[in-house]
Amino acid sequence: MQLPNQKEFTLPFHGRDLKFTVSDLAGQANAAVLGQYGDTLVLVTTVMGKEDRDTEFFPLTVDYEERFYAAGKVLGSRFIRREGRPSTDAVLSGRLIDRSIRPLFDSRLRRDVQVVITILSYDEENDPDFLALATASLALSISDIPWQGPIAGVRLMLDPLEKSRPEAAEAVPAAGRSLTGLDEDITVNPLVSKVKEVLQKQGTCDAFFSGTAKGSINMIELEGREITETDAEKLFASAQEETKKLIEFQKDIISKIGKEKASISLADHDPAIVAEVRAFTHDVLQKIVFIQDGAERDEKIAELKATLVEHLTQKELPTEPVSSILKEIINEIVHAQALENEKRPDGRGITAIRPLHAQVGLFKRLHGSSLFMRGATQSLAVTTLAAPGQEQLVETMESTMKRRFMLHYNFPPFSTGETGRMGSPGRREIGHGALAEKALRAVIPSKDAFPYTIRVVSEILSSNGSSSMASVCAATLSLMDAGVPILKPVAGIAMGLMTHQGYDPASNRSEFKVLTDLQGFEDHYGDMDFKVAGTRDGITAIQMDLKIEGITMDIFKTGLSDAQKARLEILDLIQKTIPESRTQLSPYAPIIKILQIKPDQIGMVIGQGGKVINGIIEQYGLETIDIDDDGSVFIAGTDAAKVDEAMKFIQILTKEYEVGEVVTGPIIKVFEFGAIVDLGGGKDGMIHVSEIQNGFVKSAEEHLRVGQTVTAKIIRVEESGKIGLSIKALGK
């Protein structure tokens with residue numbers, strides 16, 4: 001493809017070329033870049049609004065647009081064969097990029113900035129997220145939009161078994177292995193198929209780290225199967241090393257084609273007004289901020305704000321900036337007290353957890369339920385079990401799959417004492433639910449061990465920090481209450497951070513305080529939200545977001561260490577509440593029995609147009625019968641006796657009879673030349689008149705009658721399925 005005014009830049013990166021193309025394509029955007037890695041191709045455009053918005057926050061939007069044509073698919077409903085609302089994967093990818101680039105914008109910017117990532121081609125092996133972030137970073141960097149990049153991210157796979165394989169050293173470039181020499185068991189930008197294979201094993205993980213030009217890390221997304229804290233630190237170090245190469249590549253491009261950044265006025269306040277507000281409120285706020293009751297604290301701040309507005313009005317000074325100036329002062333106080341005195345708004349020590357409460361079995365008719373409380377954060381989790389056929393079918397640009405375990409997260413406005421929109425989940429709810437699901441996925445039993453479809457819903461009844469980690473704890477309790485034999489209990493905790501104003505991760509200053517069990521007030525005014533979930537034996541999920549530019553290894557290590565201690569404390573409570581999963585399922589949960597048939601017998605069980613399988617479901621009052629391609633049959637119903645009868649019927653239906661086998665059944669038809677015996681499952685056999693007894697028999701009707709139960713030996717099985725029986729052969 002040759003484009004007008006095309007400029008290409010290429011970097012060999014772990015066995016594949018990373019290529020950026022800048023041209024006249026999408027020329028009305030502030031910048032547009034085509035990125036390619038393997039045969040995966042993305043177009044990223046960046047646009048900044050022409051005027052400032054009247055808002056107290058920086059209005060950044062990141063849209064991640066999947067296109068079905070990128071993977072050569074035609075998807076959607078039968079009536080609407082086109083893309084609709086973003087898939088969960090698209091929402092999560094958009095959030096990943098947003099969380100990576102946002103900290104490098106000046107928060108005082110009030111112009112709309114929109115980054116649109118359009119996936120033009122997907123080769124099913126090279127992760128679009130890696131390419132999308134790198135391309136978005138370059139597009140922002142060469143544009144005139146004020147931004148403090150570039151940044152870069154890498155996908156890392158940890159496979160401890162990999163370094164013991166003799167062929168590993170020879171496969172370095174093709175496999176995308178780390179060339180840093182740090183760790184042979186870490187693969188950089190692994191193929192998608194490889195990740196799916198490896199992530200089934202203990203001690204492995206799939207992670208994405210974003211890093212800055214100063215060597216710090218500013219975003220983490222990790223799913224693991226009980227990796228150690230040391231493993232996580234190795235990944236952090238590897239990400240630091242790998243992102244440097246990508247950032248240097250971008251810097252070279254920026255030096256050649258980058259535009260001068262636009263000079264835009266920021267939302268600064270008149271120093272005279274700031275001084276007046278500070279003089280009026282600072283001493284009072286020193287006391288209000290540390291009122292331990294959150295509701296009372298908020299009320300006192302509101303009262304102070306009202307008094308301040310009245311004071312400024314009397315002095316004929318503008319009152320519009322009051323809210324943002326107050327936030328700046330509170331922010332300074334919270335940081336200073338944490339750093340200098342290890343003092344927190346609710347009076348806790350920096351490693352202390354708020355009071356915990358847990359209980360299970362809340363509602364009789366629910367399959368599993370629990371309530372987990374940490375301070376004022378409350379999660380009500382409900383587990384529902386269903387037949388395998390109730391799995392969610394997921395069709396996206398990247399994959400078509402069935403989802404057997406689901407965790408959904410609801411965050412109603414009343415959980416923060418507010419009114420607001422109810423309805424379908426927003427990006428935040430999707431993201432929090434995905435994180436909690438990721439944390440638990442490693443301990444969900446296999447389909448062979450527990451054939452149920454599992455859905456957990458976390459209802460956040462009250463929120464004051466880290467409701468996603470409360471959801472992990474509540475979901476663990478609910479799953480155990482439902483009798484799901486999870487491999488181990490999982491707990492999660494959120495860690496916060498306070499650093500000095502103007503903190504520079506590249507400097508030698510190491511003054512910081514990591515806070516255990518982040519509450520809402522500290523999350524709002526703090527510098528980091530670092531969530532870690534896992535079992536007693538290792539980490540299953542990490543998610544980190546920052547408001548500062550990035551963090552160093554020292555901060556990461558401290559956060560992991562303190563999070564581990566908190567996690568173990570919460571796990572003690574969980575196992576005290578319910579030591580192990582219940583051995584009996586709820587009487588309101590479906591009963592599922594499994595049997596195995598040959599794959600070529602599936603059609604026999606289903607029947608033409610589903611006639612046989614639907615007949616079995618109706619006859620025995622079942623919920624459903626599901627059959628996998630390998631011949632696994634899952635029979636689900638609420639009546640155990642009926643489920644057993646249906647199972648026996650299918651066993652008979654699929655039974656393959658052999659010559660010499662003895663069978664018993666009622667006679668259903670009698671002719672002069674013989675009789676038909678019902679063998680069950682829709683099969684029958686023929687006793688010829690000559691096989692009734694020794695000697696001459698003139699007519700079968702003289703010896704046999706309809707309804708009579710007889711025992712006979714199979715003497716013939718034809719390819720057509722016809723079975724020949726003999727009574728007289730029993731004596732031989």
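The values are calculated or read from the model by the stated rules, or taken from the named source; none is laboratory data. Model, not experiment: these values are computed from the prediction. In this analysis, Cβ positions are derived from the backbone assuming ideal geometry, glycine residues included, and neighbour counts consider all displayed protein chains.
Data for the structure
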{"item": "Verdict on Gly520 being surrounded by fewer than 23 Cβ atoms within 10 Å (Cβ to Cβ) and closer than 30 Å to Gly347 by Cβ", "result": "yes"}
{"item": "Some residue of the range 208-223 being of a type in the set (Phe, Trp, Tyr) and out of contact with any Pro (no Cβ under 9 Å at 6 or more places or on another chain)", "result": "yes"}
{"item": "Conditions (1) surrounded by 18 or more Cβ atoms within 10 Å (Cβ to Cβ); (2) in a loop (DSSP other than H, G, I, E, B); (3) not aromatic (Phe, Trp, Tyr); number of the one not met by Val334", "result": "(2)"}
{"item": "Given (1) touching a residue at least 40 places away in the same chain (Cβ under 8 Å); (2) in a helix (DSSP H, G or I), number of the condition Val284 does not satisfy", "result": "(1)"}
{"item": "Pairs where the first residue, in the range 615-634, is at positive phi and the second is polar (S, T, N, Q) and surrounded by fewer than 16 Cβ atoms within 10 Å (Cβ to Cβ), C-beta under 9 Å, 6+ apart", "result": "Gly621/Thr638; Gly631/Gln596"}
{"item": "Identity of the residue in the range 583-598, of a type in the set (S, T, N, Q) and assigned to a loop (DSSP other than H, G, I, E, B), that ends up farthest from Ile635 (Cα to Cα)", "result": "Thr583"}
{"item": "Condition check for Thr377: within 18 Å of the chain's Cα centre (by Cα) and either free of Cβ contacts under 8 Å to residues at least 40 places away in the same chain or buried (at least 17 other Cβ atoms within 10 Å of the Cβ) (or both)", "result": "no"}
{"item": "Selection count where residues are within 28 Å of Gly621 (Cα to Cα) and either in contact with a Gly (Cβ under 9 Å, 6 or more places away or on another chain) or modelled with pLDDT under 90 (or both), scope the range 634-662", "result": "17"}
{"item": "Residue match in the range 527-537 (condition: touching a residue at least 60 places away in the same chain (Cβ under 8 Å), surrounded by fewer than 18 Cβ atoms within 10 Å (Cβ to Cβ) and touching a His at 6+ places or on another chain (Cβ under 8 Å))", "result": "no"}
{"item": "Residues located in the range 48-107, provided they are closer than 27 Å to Ser210 by Cβ and among the aromatic types (Phe, Trp, Tyr)", "result": "Phe57, Phe58, Tyr64, Phe105"}
{"item": "Some residue of the range 426-441 being surrounded by fewer than 21 Cβ atoms within 10 Å (Cβ to Cβ) and either assigned to a loop (DSSP other than H, G, I, E, B) or in the same structural domain as Ile627 (by TED's automatic domain parsing) (or both)", "result": "yes"}
{"item": "The lone exception for Lys259 - which of (1) in contact with an Asp or Glu (Cβ under 7 Å, 6 or more places away or on another chain); (2) within 30 Å of Lys488 (Cα to Cα) it fails", "result": "(2)"}
{"item": "Of all residues in the range 98-136 being hydrophobic (A, V, I, L, M, F, W, C) and in a helix (DSSP H, G or I), the one that is farthest from Asp527 (Cα to Cα)", "result": "Leu131"}
{"item": "Meets criteria (modelled with pLDDT of 95 or more and among the aromatic types (Phe, Trp, Tyr)) for Phe521", "result": "no"}
{"item": "Pairs where the first residue, in the range 89-116, is without any contact (Cβ under 8 Å) to a residue 40 or more places away in the chain and the second is of a type in the set (Asp, Glu), C-beta under 6 Å, 6+ apart", "result": "Ser93/Asp129"}
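Yes or no, residue by residue, for (1) within 24 Å of Arg16 (Cα to Cα); (2) of a type outside the set (Ser, Thr, Tyr); (3) loosely packed, with under 12 Cβ neighbours inside 10 Å:
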{"site": "Val33", "(1), (2), (3)": "yes, yes, no"}
{"site": "Gln36", "(1), (2), (3)": "yes, yes, no"}
{"site": "Pro59", "(1), (2), (3)": "no, yes, no"}
{"site": "Val62", "(1), (2), (3)": "no, yes, no"}
{"site": "Tyr69", "(1), (2), (3)": "yes, no, no"}
{"site": "Gly76", "(1), (2), (3)": "no, yes, no"}
{"site": "Val91", "(1), (2), (3)": "no, yes, no"}
{"site": "Arg102", "(1), (2), (3)": "no, yes, no"}
